[in-house]
Amino acid sequence: MGRGGRAKERDGPERRCIVTGETAPKPGLIRFVVGPEGGVVPDILGKLPGRGMYVTADRAVIEAVKPAQFARAAKGKVTLPAGLADEIERQLARRVIETISLARKAGGAICGFEKVKGWLAGSATVRALLQASDGSVRGKDKLWTPTGARYFDCLTSTELGLAFGRQSVIHAALASGGLGDRVVEEAARLKGLRANVGGEGATGKDTEAK
């Protein structure tokens, strides 16, 4: 089945990427600020004080950013830490896992093939279908993304398991609502940092409890 989804999550404030020069809604960008000692700091939650600088949530773009571009945006000297894209990916993955966990506790997220299939076939309004990047392609293809929902395979089975308090999870689904929207927003950014995760390399086995 097709992996449907909207290209743009929702309208809202826009910012200009300091690397590409393109303007885009804030949810598709990573905000940065300059720390007290002049180091560039990723602000995943968008709440740190200071002048915000924005870069497209894409690994190639983030890896291409130069200290001079941050310095120009910050109007002062800055230092750029090594491994910036990896650190952003780590923070985003943790954020996605934590938000899925909150949705689960609120009754807005389920896991397991049969439960997810029931949601997809029933009357539940599904916001997103989540499948582990290392799950088997054959097993994942047995489920489908409802019209208007999003599909993500940017988490591993272990990471999805953490969100549900299990050792491993392959299939999960999110209900529509505030937490579901937050997961979709953060997962879309994580997907940009993990462009090569999933796809043809997903050859693992479906080992989660059904």
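About its Cα centre, how strong a charge dipole does the chain have in debye, to the nearest 20, once Lys and Arg get +1 and Asp and Glu get -1 at the Cβ?
With only Lys, Arg, Asp and Glu charged at Cβ, the dipole is about 380 debye.
Once you list every other residue whose beta carbon is under 10 Å from the beta carbon of residue 23, what net charge do they have if Lys and Arg are +1 and Asp and Glu are -1?
Values: positive: 15, 16; negative: 14, 22.
Its environment carries a net charge of 0.
Just how many % of Cα pairs in the range 48-145 lie over 23 Å apart, if you round to the nearest whole percent?
Numbers: 2345 of 4753 pairs.
The share of Cα pairs beyond 23 Å in the range 48-145 comes to 49 percent.
Which whole-number percent is the relative contact order of the chain (Cα, under 8 Å, 6+ apart)?
Values: 390 pairs, mean separation 51.7, N = 210.
This gives 25 percent for the chain.
Starting at the first residue of the range 164-179, write each ³J(HN,Hα) from the Karplus equation 6.51 cos²θ - 1.76 cosθ + 1.60 with θ = phi - 60°, in whole Hz, x for Gly and Pro.
10, x, 10, 6, 8, 9, 9, 10, 8, 9, 10, 7, 5, x, x, 5
Greater than 22 Å separation of Cα atoms is the criterion. Which listed pairs, 117/140; 115/140; 47/105; 105/191, meet it?
Working: 117/140 11 Å; 115/140 14 Å; 47/105 25 Å; 105/191 24 Å.
Table pairs above 22 Å Cα-Cα are 47/105; 105/191.
Enter the accessible area per residue of the range 1-151 (Å², integer; probe 1.4 Å; all protein chains in place). Before the final figure, lay out the partial values.
Numbers: 8090 Å² over 151 residues.
Heavy-atom SASA per residue in the range 1-151 reads 54 Å².
For the chain, which semi-axes, largest first and in whole Å, follow from the square roots of 5 times the eigenvalues of its Cα gyration tensor? Intermediate results must be reported in sequence, preceding the final value.
Values: eigenvalues 223, 56, 45 Å².
Those come to 33, 17, 15 Å.
The values are calculated or read from the model by the stated rules, or taken from the named source; none is laboratory data. Just so we're clear, the structure is a prediction, and the values are computed from it rather than from any experiment. All Cβ positions, even for glycine, are placed from backbone atoms using ideal geometry, and neighbour counts span all protein chains on display. Surface areas here come from the heavy atoms of the whole protein model, side chains and all, with no ligands, DNA or RNA. Shrake-Rupley method; radii C 1.70, N 1.55, O 1.52, S 1.80 Å.
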